[in-house]
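The values are calculated or read from the model by the stated rules, or taken from the named source; none is laboratory data. Only a predicted model underlies this, so the values are computations on that prediction, with no experimental measurement involved. Cβ coordinates were reconstructed from backbone atoms using ideal geometry, including for glycine residues, and neighbour counts include every protein chain displayed. When the accessible area is computed, the model is the full protein with side chains, heavy atoms only, and any ligands, DNA or RNA have been set aside. Shrake-Rupley method; radii C 1.70, N 1.55, O 1.52, S 1.80 Å.
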Amino acid sequence: MNDLDTKEALDIKAIFRLVWRCWPYYRPQLKHILTYIGCSIFIGALFFSFWFVADDLIQNKIGIGEPLQPLQAQLLLLDGSYLKGDDESKQLSEAQRKQVRANVVILALTLVFVIFIGSSPLEYYQVWIFQRVNQKLRVEMLNKAEHLSLKHHSFSRTGDAIYRIYQDSATITNVLQWLVMMPLRIILFIIMGCIILIFFSAWFALPIFVSIILSGYVMRKLLPLIRQKSRQSREYNSDLTSRIQENLSAVRVIKASGAEDIMISRFEKESQKALDAAFEMRFYNSVLLLLSILIGMGSFIITEYFMATWAITERATSLGGIVALVGYATWNIGAYQTASRQGAETSLQAWELSHTFSVAQDLTVGLKRAFYLLDLEPEVTEPAQPKMFPVSIQSIQFESVYFSYQNDNPVLAGIDLTATVGSVTAIVGGTGSGKSTLMSLLLRLYDPDHGNILVNGINLKEISLEAIKSNIAIALQQNVLFALSIRDNILYGREDFSETDVHYAAKIACANEFIETMPKGFSTELGERGGKLSTGQRQRLSIARAVLRDTPILILDEPTASLDAETEQRVMKNLTIWGRDRIIFIITHRLSTIRSADQIAFLDKGKIAEAGTHEQLMARLGPYSNFVEAEQGDAPTEKNHELF
Amino acid sequence: MNYSKLYDDRVDTASEINLQQVLTLISRSFRFVKGVKGLFICKLLMALVSILPALAVPWILKIIVDQVIMQQPFNTTEVPFPPFMIPFINMIHDLSPYEIMFSVTSLLLIALTLFGLRAPAAEQAQEIAQAKGFDAATQSEQALSSGGSNANGLWGLLELSLSIRMTQRLGNALRARLMGRLTHLEMTTLDEQRIGDSIYRVMYDAPLMPEIIYRIAINPLLLIISAALSIYLLQFSYGDVTPELIWLAASLIPLTILVTAPFSALARRIHQKNRASGATTTNRMEESLENIAAVQALGGSDKESVRFENSSEESYWRHRLTVALDMILKVIRTCITWIVMAIGFILITDDVIAGTLSLGDYAVLSGMMFMLSENAAAIGLYWIELQKNIAAVRRVFFFIDYTTETDGEYMSIKPIKEGIHLNDVSYSYPDGRVALQHVNLELALDNLVAVVGPTGAGKTTLAYLLPGFIRPSKGEIFFDDQKLSRLNIKDIRQQVTYVFQEHMLLSSSIRENLLLSNPNATVNEMIEACRIAGAMEFIDLLPNGIDTPVGKGGDTLSVGQKQRLSIARGLLRNTPIIVLDEPTAALDPKTERNMMAALKESSKSRLMVIIAHRLSTIREADQIVFLEEGRIVEVGEHDALMAKPHGRYRRFVELQAV
């Protein structure tokens, strides 16, 4: 599916638009998200300040024996003697150093146990929040797919939709982290790192800037490549999902054609294609990260040289006496450790930046694929002010209806047809003459290109889709059964009917006969696509499903093609009685069925060639009578008759 | 949500995996390593080499602290440098602190470029290179191309590339194997197996296999070697000063294993349920989208959305359970690590305060302790984390082990000369319903045979027996004098073509659909087959002829057109036996008559079995087999059967002619 512009640049505006699109999915979780972020920042800050203080305590105080700062003593609940140290050497005694150490260990363990354990549910909380966000998008996407017109579905693959709903939609959970939080965090870290480092020495700003500019250049070169590979990877994986889905739903044909090996080799080929794209994407990504780490860490290592050598000369830091808590007025071992850790952290931001940007590539590609599905306009739309479906049905009218699936290939070319209450209309015609399409229009699975369909004179387009579907029932030619029980298949979508209704409908469709012979009766679970039943049985279930709905209009699309004559006649007899105050359309080839219809519409090349009763049309000696003769064959009719 | 709804796969319902099965699954996964032997060895060697530079880092930092900043000469403390540092120490031994720092900086820059020393682990970056969500499915897709590598720098780039390729090949080998087995499943199994579930197994379960190799073999090996080296170095340099520390470090691994191991069975169960519920979600999606026409026509769209929403909700909840378990384990692990670290800290600082260790030694020791405790915790967790992979891989191996129709030893077939003979054949479904009883039948080549009877009489069952889709419960089928049960299923299908009533087309061009059954067919052969099937008349009208794409499941064609295309596809195989299930049901009389004439013509050289209801179709047959309630009631030509005054067939025909 070529829904993505390969050349499209990923600028700030495009990212902003995407983030904005995701907002409605995040909005309901806002409270939770803020709580989560608040907790995380609090805990992060706690740990950060702990290490900031602990470094000085461990290195300078415990390690070397310098006296404590007043705040440090308060924090560790130690008395004034720790502030001065020994009278001669101005150093802490060994016992005092051990006491400081004991208190630091206790403080650290308390922090770990209380804060860390207390905060660990945060991770679960985070998963929960993002799952909510993803669930909303997923459900909305499937819902959209369910309501898209059949025209769309005819030209798209099921596996593609599965991939979009499953894999592509999941990228929305990363939006907050990788498009909002991470960039903010990186900027914050860089600013903070700069401030702290500049306190030590203003020179440190230089390598930071150089490394950011260099990584920016590298990213410009590599990101488009990563984006392209990410898109390929997603497209190929989506194709692969379709391949599996199609292979398995057509597995009977594959078996019957002995084509297993061909299908497997195709699968392997597509699988390899998907893997290659995934590999290349990761490779370019690694190259990008490698380059940015070389730039970032490299400039840090050079800076470290200066830090260490300044510590030798105990050069004054720019920090001076500003921060009383830490004693880094001059370059010493503690100052070196702190500055070096901070420098490493800050230089890593160049790496984090490239990392964030490369994740953003995949993220936006995935999101666009997800939103593509949501952006599809359903061709069949709800009327703005829907009218009620007429309470007592009188007539259905097709007024010069035109329709085509593809522009240059009209299927219906000017259909005029009226059916009145209490009548059975048989729609007859060659294969591909547009019979099923005509009935799909009545259900508003499609809209006509020109012309109108009227129910009691009301245009179908003015009635809500919901009302149409609850007033028209159809038994489809391809008897679709779901992997549910027989009962649920008959009820499908209408759980408001009772068990008695189900039995009644099954009886009219003559389905109860075989259902009752099954060990679990109506509770028998059907296999994938109803595979356990014979075609005739499935056909009768489809009819039962349509009858159950008790609608004023019933469409039967080749309902009896696979039924034997006896069963067919019983079903038809039941239906005629049941349908006295309804309008019934039957698409069929069977003469016996056609003959009993009140009206026959003979379709040819998208037009109604003839309409009328069997007798009228036979007398006309037109296309219909040719059709009947063909069906009966040459001589055999008499042969059959003479047997009576 | 109840248990049965969660496992909506019908075939694979067992859930408990015992320890023995776990071990079997692991060893079976390892058999796949044979296919990637070269990569495996390369990867292992490269990873081993990349352990070494990391070991030097603490010592280099020690030099910065002790010899540069504190300006102490070498050998201030008793602590000796490890042997691999000696050449470097000798080089800088007599230099001034400035010069030492310069040498150290240069060394670090080189190590950074080659090995990415002090850079973040490459694995961490690769893990999230592709955005993933908070569910098992999206995370599995990542696993298929995961590097499982911690190296960085140029060396790391090479190692990562090798690793990804190895992971991919392992995972791909397994999923291709699974896909192959799935298509070879017996027809009765396929009826029960959900497509969505199969998609999940192929796309999301199979990719977790390579991780087993990493978690059982590669990672623990690397971690243990690196831990052993670290402990050895500690012993070498500090063994005399702080022997307790060495013991402490070594105790970490067994401690973590001991504490987390009891969780493994629970972990397995949680992960199994997580995967089953993910498969259910896939089923829901697949079923409703594949049958979208029916769903919309029956007004089921909203119902399908709700069904999907519920199962998606359930699968998210199952996934959160796995997160909760990870969380608990993390807490346990962290507690252990921190207690051990605290003890280690006290031991080290004791010596620092006493003056036996320098501050640089503190840096080395605390760095090493930290690394060791991380490694130990990781090793301790491998077994637990492995349970996820075990749960997934069992779902894969379940179908690899499942009986398929190609299992067993069979003879190859001799071309059929005379025909098929069914000798007292009976068939009952797995659930006990009887479909066929005591069927005896002779079918000769160059005949057109019609199988006729009321719905549910067993016509399709009888036809299914011929290509070996199902096997008789009793009795035997002979191709000439060869027993079908002894023949290779592939060979049988080379002799028998079956054309289904449902017209399953792939969403590719008409040509591709035709070639599916016979990849070597020429264009002329294709056109001839289409002509016999009466498909040429509409193909000629299509804009691109046989290269026109047919849309999903052939949706852009009418049912009658699809049917004719399916028949053409069947004819193209040119086998001596062809079975057609209701080939004419959806055809108008004219098309039907043309097709029957063509079929009759082409049946002169082969056996053609047709299941049919239409009189006009049946009448053309050389032999009519009339079935009722699983038994053959009458066999013969139309006229002969009609001549029987109270014949069942005659009654059947009369009803239809009313």
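Here each label is just a point 7 Å from Cα along the line to Cβ, and for B:R531 and B:K600 those points are 1.9 nm apart.
Region A:138-156 and region B:460-526 have Cα centres spaced 35 Å apart. Counts of other chain beta carbons within 10 angstrom of each beta carbon in peptide B:95-101 average 3. The fraction of accessible area contributed by carbon and sulfur in chain A is 59 percent, rounded to a whole number (1.4 Å probe; ligands and nucleic acids excluded).
The stretch between B:H646 and B:Q20 holds 218.8 nm of extra length on full extension. This uses 0.36 nm per residue minus the Cα-Cα distance.
Computed from label points 7 Å out along Cα-Cβ, the spacing between B:E244 and A:D11 is 6.6 nm. For region B:20-34, the Karplus equation 6.51 cos²θ - 1.76 cosθ + 1.60, evaluated at θ = phi - 60°, returns couplings of 5, 4, 4, 5, 4, 4, 5, 5, 5, 4, 5, 5, 6, 4, 3 Hz by residue, with Gly and Pro reported as x. A simple charge model with +1 on the Cβ of Lys and Arg, -1 on the Cβ of Asp and Glu and nothing else charged puts the dipole of region B:408-539 at about 260 debye relative to its Cα centre.
Think of it as helices only: each DSSP H run of n ≥ 4 in chain B is worth -39500 (n - 2.57), and spread over all residues that comes to -18500 deg cm²/dmol at 222 nm. Within chain B, the ratio Rg/Rh, alpha carbon atoms throughout and Rh by Kirkwood, equals 1.16.
Towards the positive end of the charge dipole of chain A, with charges on Cβ (+1 Lys, Arg; -1 Asp, Glu), say which of A:N174, A:W128, A:S215 has the farthest Cα. Selected residue: A:S215.
Counting only DSSP beta bridges whose two residues both lie in region A:395-632, roughly 55 percent are antiparallel.
Near the amide H of B:Q437, within less than 5 Å, lie the amide hydrogens of B:Y427, B:R631, all on another chain or at least 5 residues away, with H placed in the peptide plane. Label positions at B:I89 and B:K417, each projected 7 Å from the Cα along the C-beta direction, are separated by 9.1 nm.
Ligands, DNA and RNA aside, A:K136 has an accessible area near 80 Å² when probed at 1.4 Å. Projecting the Cα positions of B:I89, B:I353, B:Q296 onto the charge dipole of region B:24-401 (unit charges on Cβ atoms of Lys, Arg, Asp and Glu, taken about the Cα centre) puts B:Q296 furthest along the positive direction.
Interface size, chains A and B: roughly 16700 Å² of accessible area buried, both sides included, 1.4 Å probe, rounded to the nearest 100. Phi angles of region B:255-268 translate, via the Karplus equation with coefficients 6.51, -1.76, 1.60 and θ = phi - 60°, into HN-Hα couplings of 4, 5, 4, 4, 6, 8, 3, x, 7, 5, 5, 4, 4, 4 Hz per residue; Gly and Pro are given as x.
Excluding A:Q272 itself, calculate the net charge of residues whose Cβ lies under 14 Å from the Cβ of A:Q272, where each Lys or Arg counts +1 and each Asp or Glu counts -1. Please list the in-between numbers first.
Details: positive: A:R243, A:R266, A:K269, A:K273, B:R165, B:R169, B:R175; negative: A:D239, A:E268, A:E270, A:D276, A:E280.
Neighbourhood net charge equals +2.
For the protein assembly as shown, compute Rh as the Kirkwood radius over C-alpha pairs and then the Stokes-Einstein diffusion coefficient at 25 °C and 0.890 mPa s; write the answer in µm²/s, rounded to an integer. Taking Rh from Cα pairs, D becomes 70 µm²/s. Only one residue of B:S517, B:S616, B:A533 has its Cα farthest out toward the positive end of the dipole of region B:419-656, where Lys and Arg carry +1 and Asp and Glu -1 on Cβ, and that residue is B:S517. About the centre of its Cα atoms, region A:395-632 shows a dipole size close to 240 debye [charges on the beta carbon of Lys, Arg (+1) and Asp, Glu (-1) only; nearest 20 debye]. What the Cα atoms of region A:254-410 give is an Rg and a Dmax of 33.4, 103 Å. When only alpha carbons are used to place a centre, region B:18-37 and region A:351-419 end up 49 Å from one another. On the beta carbon distance between A:E516 and B:V331, with R0 = 60 Å, the FRET formula returns roughly 0.55. Rounded, prolate or oblate: pick one for region A:76-232, where a ≥ b ≥ c are the square roots of the eigenvalues of its C-alpha gyration tensor, a/c under 1.5 means rounded, and failing that, prolate if a/b is larger than b/c, else oblate. Verdict is oblate for region A:76-232.
Remark: the protein assembly as shown carries a charge dipole of roughly 300 debye about the Cα centre, counting +1 on each Lys and Arg Cβ and -1 on each Asp and Glu Cβ. Under the classification rounded if a/c is under 1.5, otherwise prolate if a/b is larger than b/c and oblate if not, where does region B:419-656 fall, given a ≥ b ≥ c as square roots of the Cα gyration tensor eigenvalues? The shape class here is prolate.
Using a Förster radius of 56 Å, what is the FRET efficiency between B:V33 and B:V523 based on their Cβ-Cβ separation? Nearest 0.05, please. Once the sixth-power term is evaluated, E becomes 0.75. Kindly express, to the nearest 10 degrees and within the range 0 to 90, the angle between helix A:535-548's C-alpha long axis and the longest C-alpha principal axis of chain A. Between helix and principal axis, roughly 90 degrees. Share of carbon and sulfur in the accessible area of region B:419-656 stands at 47%, probe radius 1.4 Å. The mean accessible area for residues of region A:12-375, using a 1.4 Å probe and ignoring ligands and nucleic acids, is 39 Å² per residue.
As a length-normalised measure over Cα pairs under 8 Å and 6 or more apart, the relative contact order of region A:395-632 settles at 27 percent.
Between A:K269 and B:T403, take the C-beta separation as r, use R0 = 22 Å, and let me know the FRET efficiency to the nearest 0.05. Result of the calculation: an efficiency of 0.20.
Counting only heavy atoms of the protein chains, get the accessible area per residue of region A:556-616 (1.4 Å probe) and round it to a whole Å² value. With the other protein chains kept in place, region A:556-616 gives 36 Å² per residue. Among beta bridges identified by DSSP and lying wholly in chain A, the antiparallel ones come to about 55 percent.
Just add up the charged neighbours of B:E628: K/R +1, D/E -1, any other residue whose Cβ is under 12 Å from the Cβ of B:E628.
Around B:E628, the surrounding residues sum to 0.
Apply the a/c threshold of 1.5 to the C-alpha gyration tensor of chain A and tell me whether it is rounded, prolate or oblate. Verdict is prolate for chain A. Principal-axis analysis of the Cα atoms of chain B puts helix B:219-238 at an angle of about 10° to the longest axis.
Pairing the Cα long axis of helix B:359-401 with the longest principal axis of chain B, what angle in degrees results, from 0 to 90 and rounded to the nearest 10? Here the helix axis deviates by roughly 10 degrees.
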